[in-house]
Amino acid sequence: MICYAMCGSFCTLMQSFEILEKMSKSGLDFLPVMSEKTYSTDTRFGKAVEYVSKLENICGKTVIHTVQDAEPIGPKLHPDAMIIAPCTGNTLAKLANGITDSSVTMAAKAHLRNNNPLVIALATNDALSANFVNIGKLLARKNIYFVPLIQDDPENKPSSLIANFSLIPQTLEMAMNGKQITPLFYGNYT
């Protein structure tokens, strides 16, 4: 089983759903987790109830969306891996600094206690500024792996990076073997 968590980078949720659906069709079993904000916030990109329903339909399980429900992930459920896609800069900063005040950060903390891989598909406008130090901190930690990152709009958002969501399956496969996929940073969207 793989824990699949989603944070509030609402503009990238559909990319995440597409990859999750493909991986699910390949026979992988997923445990869904959503941040509290993603679980309950309607945006111009879609309605929360639709996101929850889509995630539950793909995974065939109820979405975990509270700190209390996420805590047993490590000690009782023992996923083989965890993916956070998308992972916001806010969640990245919390992971880098040991803050576990959300369902996703608690799920990650609980999961990492078992020394299994955590794959991060980052999507944040401040990756190359305020959050760059947190990327470095997490790259240095055992069992944390990043999906390769692209500058999605270097002219208008020069500090923004987004994971290449299509590389989540390959990143997961390598992470399961204890290796970071490379190159980690490359090009930009054209």
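What follows is calculated from the coordinates using simple rules that are stated; it is not laboratory data. From a predicted model like this one, the values you see are computed outputs, not experimental measurements. No Cβ is skipped: glycine too gets one built from the backbone with ideal geometry, and neighbour counts run over all protein chains shown.
What is the list of residues in segment 94-127 whose amide nitrogen lies under 17 Å from a point 7 angstrom out from the Cα of Thr41, following Cα to Cβ? Zone members listed by number: 94-95, 101-106, 122-127.
From most to least packed by mean Cβ count within 10 Å, the peptides 28-39, 170-181 give 28-39, 170-181. Quote the charge dipole size of the chain about the Cα centre in Debye, to the nearest 20; the model charges only the Cβ of Lys and Arg (+1) and of Asp and Glu (-1). So the dipole magnitude of the chain works out to roughly 420 debye.
Quick note on segment 1-48: its Rg to Rh ratio, both from C-alpha atoms and Rh being the Kirkwood radius, is 0.99. Applying Stokes-Einstein at 25 °C and 0.890 mPa s to the Kirkwood radius of segment 70-120, computed over alpha-carbon pairs, gives a translational diffusion coefficient of 229 µm² s⁻¹.
Sorted into 5 angstrom bins from 0, the C-alpha pair distances of segment 2-188 split as 1, 9, 18, 23, 23, 16, 8, 2, 0, 0 percent. Where both bridge residues fall in the chain, DSSP classifies roughly 20% of the beta bridges as antiparallel. Segment Lys61..Phe185, full-extension length gain: 41.2 nm, with 0.36 nm per residue of separation and the alpha-carbon distance subtracted.
Remark on segment 49-148: ratio of C-alpha radius of gyration to 2.2 N^0.38 Å is 1.07.
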